[in-house]
Amino acid sequence: MSPEIELKQAGAVLTVALNRPEVHNALTPGMIQQLTAVFHDLNERDDVRVVVLTGNGRSFCAGADLSHMLAAGQFSFEDNVRDAQAIFDLMMMVEQCAKPVVARVNGTAIGGGVGLISSCDIVVAAVRAKFSFSEVHLGIVPAVISPFVLGKIGAQNGRELFLTGERFTAQRAYEVGLAQYVVAEEALDAKVQELVAMLLQGAPGAQAAIKHLVRTVAGRPKEDVRDYTATLIAQRRESVEGLEGMGAFLQKRKPAWQEP
């Protein structure tokens, strides 16, 4: 039996692929646990610089496995809360991963699949990909994914797409801010590799700090983050990376984290 999560590493790039193509990569509790563990461990791995998250087969992710969700209707309330918290914790672990995470959206993403995409830093979608928050058609709501999705598409778009449950195109995903790039299917890998190459030029510590910066500053009054931002740049200026990067620029050479 194939593993439900497939990991492939090429140099400093780790590809994490959902691997249940026969059921459109629907998420089981086991997959959620495995994914959470992978992204947790990445924070301590110096051999990985960039992560690519994708799905094997024709779909990205059909969301939570419906057979499990139906069975969950018979769980205790407390068990259902824990089940939902595990999904939230996965999204949080992806979003807070210290490494840049690129979503390679190779096909349809539904519900929790869109939540995963929303947790990534950069999203590249094949033009044929379709998206939907289908929960309303099942009598449920996109609750635990909503903080991550609304952070991408905003309340106005979220209200419409959550309420209608409509299936929308990759172009609409681009228009509402869910995807940064929409490309032809045959150009998907090339675009992902282009972005990965750019990400590998950046300093890893600075990228981790940037991710924390965005999460901290976004949506807050400017005066509230004055001290935080000033302290952060002061720390980075005197950091090993900061000194190396500025020195390399002045000396017209590549910094240590870039390949020679």
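The values are calculated or read from the model by the stated rules, or taken from the named source; none is laboratory data. This one's a predicted model, so the numbers in the text were calculated from it and none came from an experiment. Cβ atoms come from the backbone with ideal geometry, glycine included; neighbour counts cover every protein chain shown.
Just a few scattered comments:
- Count of region 28-79 residues, restricted to those that are closer than 20 Å to Ala126 by Cβ, at pLDDT 95 or above and within 15 Å of the chain's Cα centre (by Cα), is 8.
- Residue check for Asn157: modelled with pLDDT under 95 and either of a type in the set (Val, Ile, Thr) or surrounded by fewer than 21 Cβ atoms within 10 Å (Cβ to Cβ) (or both): no
- When residues of region 217-260 are limited to those that are modelled with pLDDT under 95 and farther than 21 Å from Gln201 by Cβ, the one nearest to the chain's Cα centre (by Cα): Ala218
- Meets criteria (farther than 23 Å from Val38 by Cα, over 15 Å from the mean Cα position of the chain (by Cα) and surrounded by fewer than 16 Cβ atoms within 10 Å (Cβ to Cβ)) for Glu135: no
- The residues of region 149-204 that are under 30 Å from Leu243 (Cβ atoms), under 19 Å from the mean Cα position of the chain (by Cα) and not in a helix (DSSP H, G or I), listed by number, are Leu200, Gly202.
- Scan of region 217-260 for residues that are touching a helix residue (DSSP H, G or I) at 6+ places or on another chain (Cβ under 6 Å) and β-branched (Val, Ile, Thr), ordered by number: Val217, Val225
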